[in-house]
Amino acid sequence: LKPGVADVLDVDLTFLTSAAKVLEFLNPRFSRVSLVDVLSDIRKSMLEEVDFTKEAQNMKDFELYLKSQGIASATSPFVYTTASSKKVMTMERLKGAPLVDLKSIREITSEDPEAVLINALNVWLGSVLLAPSFHADVHAGNLLVLPDGRVGFIDFGIVGRISPVTFVSVEKFLQSIQLQNYDMMAKALVTMGATEYDRSENSKVSEIDMVEFAADLKELFEGLFNLDPQYVVRGRTDQATGQTILNATVEFDPDEVNNILLDLVKVTEKHGLRLPREFVLLVKQILYFDRYVQALAPDLQVLNDDRIELAQDAR
């Protein structure tokens, strides 16, 4: 960690949070979208990322989850605690291929890419409920396919935590995506989301126009289903033979996933809902895996495949 980074972040983020409080005072509309709460969460998350003792603990928690569940098909780097501190982390180096690099996966292991993907998804889903926290940044660079076929999870700077109660709604949300049932999706989001109405006064779901909400969700997700992954072919020269070797990978624009999440937040806020931050983190990871499924196993039906071990099975 570069000297002074944590201090600069602390000052800048504290200023932004203070400015948000002023904005909420001047314009109550910002209070409805919880601007101060959002910035406070961002501040907390970013400051945790520059404290390597927390990341090291996240990795230990993940390894304990793997051990307690008898999972040998995944791993994370071993942390050398005696050579680590708040500003320095020394860990094992994992050598593998990014999850979406089809050619490299086939070169490094004999395991079927689809089977590797299912394994990664099962391990991650299980961690959502069975580990103290779940990996909340599973872009392809943080998931490595190792020579023995295991999946290596790296970079635990961002993690999330979700309660079993909220996960029930998440499961309904996932089922609604699979079935393209937007009435079910609307109900799931209302169940897990805090509304702008005062629940202490027994406000009911009927105060939200569920038909219009479902229609807005349908418009959003139909656009999502039409998005395609980008297949990128790069060439490199083999120094030993002088031949050009082509390497095909599947890439996704990170802004694409972020824009989908922003659109979802906008739709829910339009109908007076405020989704939990952890749900947004969770959905972002699910969107990553959805992109991987489209690229590596387009015929895979996640919720209808017996090889997929949803977290509810572990409860």
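The values are calculated or read from the model by the stated rules, or taken from the named source; none is laboratory data. Worth saying up front: this structure is predicted, and the values here are computed from it rather than measured. So basically every Cβ, Gly included, is an ideal-geometry build from the backbone, and we count neighbours across all protein chains shown. Just so you know, the surface numbers come from the protein's heavy atoms only, side chains and all, with ligands and any DNA or RNA stripped out. Shrake-Rupley method; radii C 1.70, N 1.55, O 1.52, S 1.80 Å.
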Problem set entry | Chain lengthening between residue 262 and residue 183 when straightened (0.36 nm per residue, less Cα-Cα) | 26.4 nm
For this session: Work the Kirkwood hydrodynamic radius out for the stretch 1-137: mean of 1/r over every pair of different alpha-carbon atoms, inverted, in Å.
Result: 18.2
For this session: Apply the Karplus parameterisation 6.51 cos²θ - 1.76 cosθ + 1.60, with θ equal to phi minus 60°, to every residue of the stretch 116-131 and state each ³J(HN,Hα) to the nearest whole Hz, in sequence, with x for glycine and proline.
Result: 5, 4, 4, 4, 4, 5, 4, 4, 5, 4, x, 5, 4, 10, 9, 10
Seminar exercise, completed: Lys and Arg at +1, Asp and Glu at -1: neighbours of residue 217 with Cβ under 15 Å from its Cβ sum to -3
Problem set entry | Environment charge at residue 117 (Cβ cut-off 14 Å; Lys +1, Arg +1, Asp -1, Glu -1) | -4
For this session: Report the residues of the stretch 52-75 in range of a label on residue 82: point 7 Å along Cα→C-beta, backbone N strictly under 20 Å from it.
Result: 53, 56-57, 60
Problem set entry | Cα lying deepest toward the dipole's positive end in the stretch 118-201, options 179, 147, 120, charges on Cβ | 147
Problem set entry | Solvent exposure, largest accessible area first (probe 1.4 Å, DNA, RNA and ligands not counted), of 118, 108 | 108, 118
Seminar exercise, completed: Honestly the stretch 103-195 on the Cα gyration tensor test (a ≥ b ≥ c root eigenvalues; a/c under 1.5 rounded, otherwise a/b vs b/c for prolate or oblate) is just prolate
Problem set entry | Residue order for 43, 291, 106 - accessible surface, 1.4 angstrom probe, largest first | 106, 43, 291
Problem set entry | Positive minus negative residues near residue 42 (Lys, Arg vs Asp, Glu; Cβ under 13 Å) | -3
Exercise. So how do 139, 271 rank on accessible area, 1.4 Å probe, biggest first, that is with the largest at the start?
Worked result: 139, 271
Exercise. Under a plain spin-label model, where a point goes 7 Å from the Cα along Cα-to-Cβ, how far apart in nm are residue 218 and residue 7?
Worked result: 5.8
Problem set entry | Restraint check, 21/270; 103/284; 172/284; 54/87; 60/86, Cα-Cα greater than 18 Å | 21/270; 103/284
